[in-house]
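Asker: Once you've had a glance at the structure underneath, I'll fire off some questions.
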Protein chains: 2
Amino acid sequence: MSDVFQALAHPVRRAVLKRLRSGPLSAGELADAFPVSKPTMSRHFQTLKDANLIRAERSGTTIRYRLNVTVADEAIAMVMDMLGRDGRDEDDSSEGNST
Amino acid sequence: MSDVFQALAHPVRRAVLKRLRSGPLSAGELADAFPVSKPTMSRHFQTLKDANLIRAERSGTTIRYRLNVTVADEAIAMVMDMLGRDGRDEDDSSEGNST
DNA sequence: GCGCTAATTAGCGTCAATGCTAAATAACAA
DNA sequence: TTGTTATTTAGCATTGACGCTAATTAGCGC
């Protein structure tokens, strides 16, 4: 699970995920959208793949990356579990404190 | 925001957050629960503080750490925004997923 | 095969993260 | 002030992340 948060810890990788929301994009298209070199982007893709946040598909010479919503959803669930904000472990300190 | 995910990227820090769900704990109590030295734990606390995930309060000689649910909640919202899962139930059960 | 395009891997430098021990600070008691 | 306890800061070493350029792999067309 550390891989997921590690992947989410970089602004470029977060932006890649955002762009992938609209649909799959090729490595080149993604690389073109950021002010870093293609090899650097390729490494970011690898990091996202290792975290299972994206998946790669070959289409001839180009490789298309696609969002993997499942794992991201698990990450959300984990953050919620970590903070106990899923509605079950509600602390008994009622928020009846008016200000 | 990178700070939040960076803080979440370490298993010890995630475990600290989990323990803090039950209520505030002192640095010593937290340090005692993990197989790393106190200075190392202190640095983890600093990382979590920088990310605004926890807050510190002095109680005499001891320092008590308390969960800051607000920022964690924002992190959840951000992950949801990143993946387009902001609570809208756009994907019905008719997904036709085959592999 | 050769060339072309797309993307990755290899190699290198720099900076940040992680862990430790030892020393310093903070609060309290005597 | 001195001593004791709790916690952090300082200093050091190791490891991993991030970025680049150059070279390599992968597929397609000739």
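The values are calculated or read from the model by the stated rules, or taken from the named source; none is laboratory data. Small disclaimer: the values here were computed from a predicted structure and weren't measured. As a convention, Cβ positions derive from the backbone with ideal geometry for all residues, glycine included, and neighbour counts pool all protein chains shown.
Asker: Out of everything in the stretch B:9-33 that is within 9 Å of DNA strand C (Cβ to nearest atom) and outside any helix (DSSP H, G or I), what residue ends up being farthest from B:R64 (Cα to Cα)? If you could, list the steps in order and put the result at the bottom.
Answerer: We begin by selecting, within the stretch B:9-33, every residue within 9 Å of DNA strand C (Cβ to nearest atom); these are B:9-13.
Checking which are outside any helix (DSSP H, G or I) leaves us with B:9-10.
Values: B:A9: 23, B:H10: 21 Å.
Checked the stretch B:9-33; the qualifying residue farthest from B:R64 (Cα to Cα) is B:A9.
Okay, residues lined up against (1) part of a helix (DSSP H, G or I); (2) modelled with pLDDT of 95 or more; (3) within 13 Å of DNA strand D (Cβ to nearest atom); (4) hydrophobic (A, V, I, L, M, F, W, C):
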position: A:A7; (1), (2), (3), (4): yes, yes, yes, yes
position: A:L48; (1), (2), (3), (4): yes, yes, yes, yes
position: A:A56; (1), (2), (3), (4): no, yes, yes, yes
position: A:A77; (1), (2), (3), (4): yes, no, no, yes
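Asker: Cβ-Cβ under 9 Å, sequence separation 6+ or interchain: first residue in the stretch B:17-41 and farther than 21 Å from B:Q6 by Cβ and basic (K, R), partner in a helix (DSSP H, G or I) and within 13 Å of DNA strand D (Cβ to nearest atom). Which pairs?
Answerer: B:K38/B:A27; B:K38/B:G28; B:K38/B:A31; B:K38/B:D32
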